[in-house]
Amino acid sequence: AQSVTQLGSHVSVSEGALVLLRCNYSSSVPPYLFWYVQYPNQGLQLLLKYTSAATLVKGINGFEAEFKKSETSFHLTKPSAHMSDAAEYFCAVTVNSGGYQKVTFGTGTKLQVIP
Amino acid sequence: ETGVTQTPRHLVMGMTNKKSLKCEQHLGHNAMYWYKQSAKKPLELMFVYSLEERVENNSVPSRFSPECPNSSHLFLHLHTLQPEDSALYLCASSQSGGGSGANVLTFGAGSRLTVL
């Protein structure tokens with residue numbers, strides 16, 4: 001079984017400040033981990049993914065995440081928040097299941113960026 | 001068109017109506033998914049089709065009926081819904097097998113359903 005826990009359903013940061021969104025996972029096998037972003041009235045869009053090649057993963061829009069096995073964490077960071085980063089962010093874990101993705105999503109964290 | 005397209009984007013229906021949601025993907029993927037997104041709840045996987053065969057049905061009520069006529073199209077037929085079925089319904093697709101694109105879901109923009 002696999003699961004993810006996102007700490008904090010709402011996070012507020014000032015424009016230009018560090019963004020840190022927390023995600024912890026649970027998986028009985030080596031996981032694939034993802035961060036997706038959802039802008040208002042849109043579907044989810046992939047930000048970045050971890051597939052065991054490198055523990056520090058860089059994504060789009062300046063975001064990155066670090067896989068820490070010892071802490072079972074995959075936190076999302078961005079050095080300097082921009083107004084356009086305001087959105088909802090979802091951490092997800094998946095394992096292959098016979099040719100399709102059995103993805104488990106977290107409950108999401110809404111990021112507010114204050115000017 | 002590219003990506004995953006969902007229609008309609010908004011749908012309002014009564015409890016006795018019958019309607020359908022449509023999803024089309026132009027990515028050559030071989031798996032398609034329906035997810036339900038409700039406020040303050042994690043995304044719920046409803047159905048998965050892999051190579052046009054239904055491989056997941058996560059205890060979804062029978063008032064939701066999926067159909068996958070080919071690898072590019074996915075439908076969700078709706079009948080006698082309840083107000084608690086009001087939600088954003090997201091379609092996604094993926095490509096199984098190896099490669100850098102594997103294991104990634106590509107989502108449509110969703111169909112916002114309101115049941116009166």
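Just so it is clear, none of the values below were taken in a lab; they were calculated from the coordinates. Everything quoted here is computed from the prediction, not taken from an experiment. Heads up, the Cβs are rebuilt from the backbone with ideal geometry, glycines too, and the neighbour counts pull from every protein chain shown.
Applying the Karplus relation 6.51 cos²θ - 1.76 cosθ + 1.60 with θ = phi - 60° to region A:46-53 yields 3J(HN,Hα) values of 5, 8, 6, 9, 10, 10, 6, 6 Hz, where x marks Gly and Pro. Here region A:9-115 is treated with +1 on each Lys and Arg Cβ and -1 on each Asp and Glu Cβ, and its dipole about the Cα centre works out to around 260 debye.
Which Cα, out of A:83, A:34, A:3, lies furthest along the positive dipole direction of chain A (beta carbon charges, K/R +1, D/E -1)? It is A:3.
Close amide H contacts of residue B:96 (hydrogens built in the peptide plane, cut-off under 5 Å, sequence separation of 5 or more or a different chain): B:30, B:31.
Is there a simple number for the mean count of other chain Cβ atoms within 10 Å of the Cβ of residues in B:33-42, and what is it? Let's see the in-between values first.
Values: counts 4, 0, 4, 0, 6, 0, 0, 3, 2, 10.
Partner-chain Cβ atoms within 10 Å, mean over residues of B:33-42: 3.
Counting Cβ atoms of other protein chains within 10 Å of each Cβ in A:33-41 and taking the mean gives 2.
Sites listed here are trypsin sites (Lys or Arg not before Pro) in region B:35-110 whose DSSP assignment is loop and whose Cβ has at most 11 other Cβ atoms within 10 Å: B:40. Around residue B:48, what is the net charge, scoring Lys/Arg as +1 and Asp/Glu as -1 over all other residues with Cβ under 15 Å from its Cβ? The answer is -2. Shielding by partners for peptide A:100-113, expressed as the average number of C-beta atoms from other protein chains within 10 Å of each residue's C-beta, is 5.
Between B:68, B:91, B:23, the residue with the greatest mean-square fluctuation in the GNM of chain B (Cα pairs under 10 Å linked by springs) is B:68.
Label separation (residue A:84 vs residue B:9): 2.0 nm, computed from points 7 Å beyond Cα along the C-beta direction.
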